[in-house]
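Novice: Quick one: structure below, then a few questions.
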Amino acid sequence: METKLTTYVARHTFATAGLHKGISKAQVGDMLGHTNYYTSEAYFADFENKVLDQAADKIFS
C-alpha cells in the first residue's frame, strides 16, 4: 500500500465506502462520532464524486 495507514486514512476510507454503499452522510457522520450535521458536512465537503469513485475502485479492486 502506497499510502501510510493512519487513523485519518482509515476513517476516510470507512466514510467513503459507506457513502458508496448508499449510507447517508448523516448515518456515516454518526458512526464517525460527529455530534452535529455541520461537522459531517465539513468532513465530506472535500469529497468530490470523481475522488470517491477513484477511492472505491481502489478499495474494491
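The values are calculated or read from the model by the stated rules, or taken from the named source; none is laboratory data. Here the structure is a predicted model, which is why all the values come from computation and not from measurement. When we count neighbours, we look across all protein chains shown, and the Cβ atoms used for this are built from the backbone with ideal geometry, even at glycine. Surface accessibility is based on the protein's heavy atoms, side chains included, excluding ligands, DNA and RNA. Shrake-Rupley method; radii C 1.70, N 1.55, O 1.52, S 1.80 Å.
Novice: If you roll a 1.4 angstrom probe over the protein chains with everything in place, what fraction of the accessible area of the chain belongs to carbon and sulfur, to the nearest %?
Specialist: 54 percent
Novice: Rounded to the nearest whole Å², what accessible area per residue is found for the chain with the 1.4 Å probe?
Specialist: 77 Å²
Novice: Now a separate question. Once the whole set of protein chains is in place, how much accessible area is left on Thr3, using a 1.4 Å probe, in Å² to the nearest 10?
Specialist: 80 Å²
Novice: May I ask for the angle, rounded to the nearest 10°, between helix 49-60 and the longest principal axis of the chain, with both axes built from Cα atoms and the value confined to 0 to 90°?
Specialist: Between the helix axis and the principal axis of the chain, the angle is about 60 degrees.
Novice: While we're here: How large is the helix-only mean residue ellipticity at 222 nm for the chain, computed as the sum of -39500 (n - 2.57) over DSSP H runs with n ≥ 4, divided by its residue count, in deg cm²/dmol to the nearest 500?
Specialist: One gets -20000 deg cm²/dmol as the mean residue ellipticity at 222 nm.
Novice: Glu41 label point, 7 Å along Cα→Cβ, cut-off 16 Å on backbone N: hits in segment 1-29?
Specialist: Residues 25-29 fall inside that zone.
Novice: Regarding the chain, what is the average projected area of its C-alpha convex hull, in nm²?
Specialist: Mean shadow area of the hull around the Cα atoms is 4.2 nm².
Novice: Let me ask something additional. If you fit an axis through the alpha-carbon atoms of helix 7-20 and take the longest principal axis of the Cα set of the chain, what angle between them do you get, 0 to 90°, nearest 10?
Specialist: Approximately 80 degrees, to the nearest ten.
Novice: Mind checking the full-extension length gain between Glu2 and Lys58? Use 0.36 nm per residue of separation minus the Cα-Cα distance, one decimal, nm.
Specialist: Difference between extended and current length: 19.0 nm.
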